[in-house]
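Have a look at the structure below before the remarks.
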Amino acid sequence: MLSKKTKYGLKALTFIAKREDKSPVQIATIATAENISHKYLESILLSLRKAGFLGSKKGKGGGYYLLKDASEILMTDVIRILEGPIAMLPCVSLNFYEKCDDCPDENACSVHKLMIQVRDNTLHVLRNNTLADII
């Protein structure tokens with residue numbers, strides 16, 4: 001299940017990307033337009049700024065803006081920053097792999113096999129969509 005943090009992060013990024021003038025957008029503007037708590041949105045945008053998706057400008061006319069073109073921002077990258085691993089189980093994660101304590105043999109595990117399919121299909125969708133594709 002997608003967390004609220006990720007959902008709101010995607011909404012904020014699309015809001016910023018849709019603006020025609022590309023000028024910085026204040027947190028309050030995004031929060032009001034997308035019905036997101038100002039304080040919660042602030043922490044999400046900070047994570048996106050630290051990850052290199054957003055820049056920020058302080059003072060009058062300040063706010064957040066995209067550092068890259070929307071067509072260069074892959075959904076896999078955004079999801080990993082906001083959500084963490086894309087895989088539903090650590091034993092099938094490509095970037096955050098961990099062996100399951102309760103599974104003696106991953107190759108014989110039916111859950112493992114199913115979750116590999118889920119991971120692969122999810123990655124296919126996310127890798128083939130950019131911020132530009134969802135706006």
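The values are calculated or read from the model by the stated rules, or taken from the named source; none is laboratory data. These numbers come from a predicted model, not from an experiment. Please note: Cβ atoms are built from the backbone with ideal geometry, for glycine as well, and neighbour counts cover all protein chains shown. Accessible surface is based on the protein model in full, side chains and every heavy atom, while ligands, DNA and RNA are left aside. Shrake-Rupley method; radii C 1.70, N 1.55, O 1.52, S 1.80 Å.
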Check: With every protein chain present, what is the per residue accessible area of the chain (1.4 Å probe, Å²)?
Finding: 61
Notebook entry, point to check: In whole percent, what relative contact order does the chain give with Cα contacts below 8 Å and a gap of six or more residues?
Noted result: 26
Note to self: My understanding is that a pair violates if its Cα-Cα distance is over 27 Å; which of Lys11/Lys68; Lys22/Lys58; Lys5/Lys50; Lys4/Lys60 do that in this structure?
What the structure shows: Lys4/Lys60
Notebook entry, point to check: When Rg is the radius of gyration of the Cα atoms in region 1-46 and Rh is its Kirkwood radius, what does Rg/Rh come to?
Noted result: 0.95
Check: In region 52-83, which trypsin sites (Lys or Arg not before Pro) are in a loop and have at most 10 other Cβ atoms within 10 Å, using DSSP for the loop call?
Finding: Lys58, Lys60
Notebook entry, point to check: Applying the Karplus parametrisation 6.51 cos²θ - 1.76 cosθ + 1.60 with θ = phi - 60° to the phi angles of region 23-37, what ³J(HN,Hα) value in whole Hz is obtained for each residue in order, glycine and proline being reported as x?
Noted result: 6, x, 10, 6, 4, 4, 5, 5, 4, 5, 5, 9, 6, 10, 4
Notebook entry, point to check: Between rounded, prolate and oblate, where does the chain land on the alpha carbon gyration tensor, with a ≥ b ≥ c its root eigenvalues, rounded for a/c under 1.5, else prolate if a/b exceeds b/c?
Noted result: prolate
Notebook entry, point to check: Could you give the longest part of the chain that holds none of the chymotrypsin sites (Phe, Trp or Tyr not before Pro) found in DSSP loops with at most 15 neighbouring Cβ atoms within 10 Å?
Noted result: 1-95
Check: Given the protein chains as shown and a 1.4 Å probe, how many square angstrom of Asp133 are accessible, to the nearest 10?
Finding: 90
Notebook entry, point to check: Which is the longest run of the chain containing none of the GluC sites (Glu not before Pro) found in DSSP loop states (not H, G, I, E, B) with at most 12 other C-beta atoms within 10 Å?
Noted result: 21-97
Next item on the list: May I ask for the distance between the Cα centers of region 45-80 and region 99-135, given as a whole number of Å?
Entry: 27
Check: Calculated FRET efficiency, Lys68 and Cys100, Cβ-Cβ r, R0 41 Å, to nearest 0.05?
Finding: 0.65
